[in-house]
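One structure is given below, encoded as C-alpha cells.
What follows is calculated from the coordinates using simple rules that are stated; it is not laboratory data. As the structure is a prediction and not an experimental result, all values here were calculated from the model. Counting neighbours? That spans all protein chains shown, and the Cβs are built from the backbone with ideal geometry, glycine included.
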Amino acid sequence: MHQVDQTTEQMVRSVLAYAENRLRMDPVPLDRGTQPAADLYKALGGVIRDNPRAPDEVLGIYSSVIAPSIISADSPRFLGFIPAAPTKASLLFDMVVSCASIQGISWLEASGAIAAENTVLRVIADEAGLPASAGGCFVSGGSAGNLSALAVAREMAKNRLGGEAAGRRLRVVVGTDAHSSIINTLRLLEMDALVVTTPDHRLTADALSAAIDADPDVGDVAAVVCTSGTTNAGIIDDLAGVGKIAKQRDWWFHVDGAYGGSGIFARSLRDKYVGIEQADSFILDPHKWLFTPFDCCALIYRQPELARGTHTQDASYLDVIHVSEGEWNPTDYAYHLTRRARGLPLWFSLAVYGLDAYREAIEAAVRLARDTAVLIKATPHLELIREPDLGVVLFRRIGWKPADYDAWAQALHDDEVAFIPPTKWEGETVGRFAFLHPHTSMDLVKAILGRTA
Ligand SMILES: Cc1ncc(COP(=O)(O)O)c(C=O)c1O
C-alpha cells in the first residue's frame, strides 16, 4: 500500500481537527445564514484556479466565509421549519460512511451495509406495526420518498384499472395540509389532487366520505395520502378511518410521516398513530426526528415486490446485480440507482444509545411543546392557536401585525437568541415554535416570548 504524501498527511490532520472541534461543540453556535451575495461571491471568486492551493488555506476560507453563513439547524436555538439534532454517534459514523465512500446500491457490492440498513428499516416497520414482509430503502429525503411511493401507487392503479386507465389522468386524495412535496409529486407524475377540505386541518374518515359522496366519479382515484403529522402544525390525520376507506376501495394508502412519523417511538404519542399499520407505503425522515445527519428518509412498503416492479432499472450491465433469495438491492425500491449507505449512521447510533434513549429524546420535545402551550395560555398578551399534538406550537401575539412578527424574529436572530421565523395560519401571520432538539430549554422559550422585538 502507498503511504500518503505529505500534503495529504497534513490535510487529514487539519480536516479531522476541524471536524473534531465541531463535534465537541455542545451546543453548536446558531450562526447567521443569509450574507450579502456580493460579499460571498467576492470572497469565493477565484478560489478554484488552475494551480493547487494549500489545503489549510482552503479550509481557512471554509471556516471564515462559508461556515458562519450557514445557520446551524442542529442548534437547540433553531426553532424554525423542522430543526435537526443529529446525535454525536450518527455524526461520527457519517464520517466513516463518507471516508470509505460506502455505497448501498446492490447486495453484490455492499451486502453488509445493506443488511445493517435493513435491520433499521425492520425496527421502524415493527414499531409501525407493518407486517414481516415490509421493506424498502433509505432515500435522500421525504420528497424523494413521497415521489417513489406514489410512483408505485400509480402503477398499481393502472394495473387495477386496465384499459379503463388509458388516456385518463389519475387522482390522489389529499388533505388541505398535505406537504408541498406531495403536490409536486403529483405534478411530476401527471396526477391530480382530490383535495378534501378538513375540519381543523385534519384529514378524517368523515371528511373523506363526504368528499366521495360529493364527487360524481371516484373511479380515477389511485391513492390517498395521510400526513402524520403536518409540517406547519404537527397534526396527525385520522390514519385508522382513512386507511379503512382506502382498503375498502382498493386505493393505495400512503402515510407521509417525514416530520412526525418518528413519534411512533414515543409511548405517550403511540395512540395517535393507530391505523398506520394499514399503510401500503410509509415514510419518515430520520434527518428530522430520529436524530440523524442530512440526508436520510426511510421509505417502507407493505409489499416491497410491488415497488420492485415499478423501480427496478433494466440495463445489460446491471444484469449481474439481480438478486437471489434473501438478497436485497435498495436501488430497486425508489427512483434512484447510485446511493450512499445513508442508513448506516442511524444504525450505528441506534445500536450505541439504544431505542429507549430515542423514545425519551422524542418525548422531551413533546413535553416542551405542552409546557410552552401552558405558558402561552397563562400569558395575557398571548393566545394559543391549538393544543399541540407533537412538537409544534402555534401562537398569536395580541395586536401584532405581520411586520411585528418579522421584526421580533429578526431581532432574535440578530442577537443569536433563536431562529424562529413566523408562519401563516388560515391566512394570518402567527408565531411558531418547532421543538425537536432535546436540549432546547424552557428558559429559552421564556426569553423568546419575553422579547417584544
Ligand atoms: C410532512 C412532510 N413531508 C415531506 C417533507 C419533505 O421532506 P424533505 O425535505 O426531506 O424532502 C417534509 C419536510 O419538512 C414534511 O414535513
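Tabulated data for the structure shown
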read-out: Sequence-separation-based contact order of the stretch 111-210, relative, with Cα cut under 8 Å and 6+ spacing, percent; value: 20 percent
read-out: Rounded to the nearest 20 debye, dipole of the stretch 2-102 from Cβ charges on Lys, Arg, Asp, Glu; value: 240 debye
read-out: Sorted by Cβ density within 10 Å, fewest first, the residues ASP319, ASP406; value: ASP319, ASP406
read-out: Cβ-based exposure ranking for HIS437, HIS179, HIS322, in which fewest neighbours within 10 Å come first; value: HIS322, HIS179, HIS437
read-out: Whichever lysines have a C-alpha closer than 23 Å to that of LYS377, once near sequence neighbours (fewer than 8 apart) are set aside; value: LYS401, LYS424, LYS446
read-out: Highest average packing first - 279-291, 201-213, Cβ atoms within 10 Å; value: 279-291, 201-213
read-out: Extent along principal axes [Cα atoms of the stretch 193-276; Å; largest to smallest]; value: 41, 23, 19
read-out: Computed label-point distance, nm, for sites LEU40 and ASP314 using a 7 Å Cα→Cβ extension; value: 4.4 nm
read-out: Interatomic Cα distance distribution for the chain, bins of 10 angstrom, percent; value: 4, 19, 27, 26, 17, 6, 1, 0
read-out: Tally of Lys pairs whose C-alpha atoms are under 24 Å apart, taken over the stretch 96-353, 8 or more apart or cross-chain; value: 5
read-out: Debye intensity ratio in log₁₀ form over the Cα atoms of the stretch 219-322, taken at each q of 0.13, 0.16, 0.20, 0.24 Å⁻¹; value: -0.55, -0.76, -1.02, -1.26
read-out: Dipole in debye (nearest 20) - the stretch 315-443, about Cα centre, beta carbon charges: Lys, Arg +1; Asp, Glu -1; value: 240 debye
read-out: Computed FRET value (nearest 0.05) for ILE61 with ASP250, which takes r as the C-beta separation and R₀ as 60 Å; value: 0.55
read-out: Rg and Dmax [Cα atoms of the stretch 1-128; Å; Rg one decimal, Dmax integer]; value: 18.9, 54
read-out: Relative contact order [Cα under 8 Å, 6+ residues apart], the chain, whole percent; value: 21 percent
read-out: Which of VAL123, ALA144, ALA157, positive extreme of dipole for the stretch 104-216 (C-beta unit charges); value: ALA157
read-out: Within the stretch 89-116: backbone nitrogen closer than 16 Å to the LEU23 label point (7 Å, Cα to C-beta); value: 89-101
